[in-house]
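S.K.: This structure is in structure tokens; I'll ask about it shortly.
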Amino acid sequence: MRELKDRIAASASFIAMILAVLPILSIIAVTFAKGAWRISLPFLINEPAPPGQGGGIGNAIIGTFMMMVVASALGISIGVLSGIYMAEYSQKAHIFELFTDVMAGVPTIILGLVVYLILVRFIGFSALAGGVALSLIMMPIIARSTEEALKEVPNEVREAAAALGIPKWKAVLHINLRAAEEGIKSGLLLSTARALGEAAPLLFTAFGSQFYSGLNLLQPASSMSLVVYTYGASPWEDWRGIAWGTALLLLLITAFMSAFARRSR
């Protein structure tokens, strides 16, 4: 009887796993089937074109790059410093942990509206505003991953540094951070992958553009996620094909970054 119950439990768990994985595999399969034929060099470097004339997502790739540079510069610096403070200095870390957890759970469209009210109303739609919005998505993820990675550093390491007379700030920067390096890198990659796929906050900040804006951060810019959002709802079949190709490209990038982050743990 016990063996029968074990088999039933194992079978039920296996079926539940299949049901959980099947939708994900279906999404991946459909995205590959509809998007793989679209990816080519002209697709990656050309500007958008009118319906029926091909075109590409070169401007969206450049826009994504610019916004991610801004988001990474802000998100990594503020997120890592926040994580260091919560793990090494704060006497009331639970308050800051609650704040970062709440911030991580805020719908990203709300973050876009906040940046619109604070920044876009004064400087206009721009890649800079889009990058700021994406940095708000990255910050809590990086802060919490940095905090958890630093907490994994054995106290013996801190005690040894103190016994040698090393100032705490030097010990944190040169010893603790190096010991927690892999965990912090994992958080950075996961936060970047999360920000790459966001379109909602960019609707209120970067706005989107059909043209190359060079590297001007103060001009409206497109992104790959915005291409998926706008072209995916298009009535023209070739634009929907561009959306599928862009979705596949995003899927490959985020899958690679997530896999690399897990391997770094």
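The values are calculated or read from the model by the stated rules, or taken from the named source; none is laboratory data. This is a predicted model, so every value here is computed, not measured. All Cβ positions, glycine included, derive from the backbone under ideal geometry; neighbour counts span all protein chains shown.
S.K.: Would you mind finding the one in V132, V157 that is among the aliphatic types (A, V, I, L, M), without any contact (Cβ under 8 Å) to a residue 60 or more places away in the chain and either under 21 Å from Q91 (Cβ atoms) or part of a helix (DSSP H, G or I) (or both)?
M.R.: V157
S.K.: Could you figure out which of (1) closer than 19 Å to F65 by Cβ; (2) of a type in the set (A, V, I, L, M); (3) surrounded by fewer than 17 Cβ atoms within 10 Å (Cβ to Cβ); (4) without any contact (Cβ under 8 Å) to a residue 40 or more places away in the chain isn't true of A259?
M.R.: A259 satisfies every listed condition except (1).
S.K.: Further question on the same structure: Can you tell which of I118, I57, I123 is buried (at least 19 other Cβ atoms within 10 Å of the Cβ), modelled with pLDDT of 95 or more and of a type outside the set (G, A, S)?
M.R.: Checking each option against the conditions leaves just I57.
S.K.: Going through I242, I253 one at a time, which residue ends up being assigned to a helix (DSSP H, G or I), over 20 Å from A195 (Cα atoms) and touching a residue at least 12 places away in the same chain (Cβ under 8 Å)?
M.R.: Checking each option against the conditions leaves just I242.
S.K.: Residues that are within 32 Å of the chain's Cα centre (by Cα), within 30 Å of I253 (Cβ to Cβ), at pLDDT 90 or above and surrounded by 13 or more Cβ atoms within 10 Å (Cβ to Cβ): does region 168-178 have at least one?
M.R.: Looking through region 168-178, at least one residue is within 32 Å of the chain's Cα centre (by Cα), within 30 Å of I253 (Cβ to Cβ), at pLDDT 90 or above and surrounded by 13 or more Cβ atoms within 10 Å (Cβ to Cβ).
S.K.: Sticking with this structure for a sec: Identify, by number, the condition in (1) touching a residue at least 40 places away in the same chain (Cβ under 8 Å); (2) farther than 16 Å from T192 by Cα that M66 doesn't meet.
M.R.: Condition (2) is where M66 drops out.
S.K.: Could you tell me whether A259 is modelled with pLDDT under 90, farther than 14 Å from G130 by Cα and within 16 Å of the chain's Cα centre (by Cα)?
M.R.: Yes: the conditions hold for A259.
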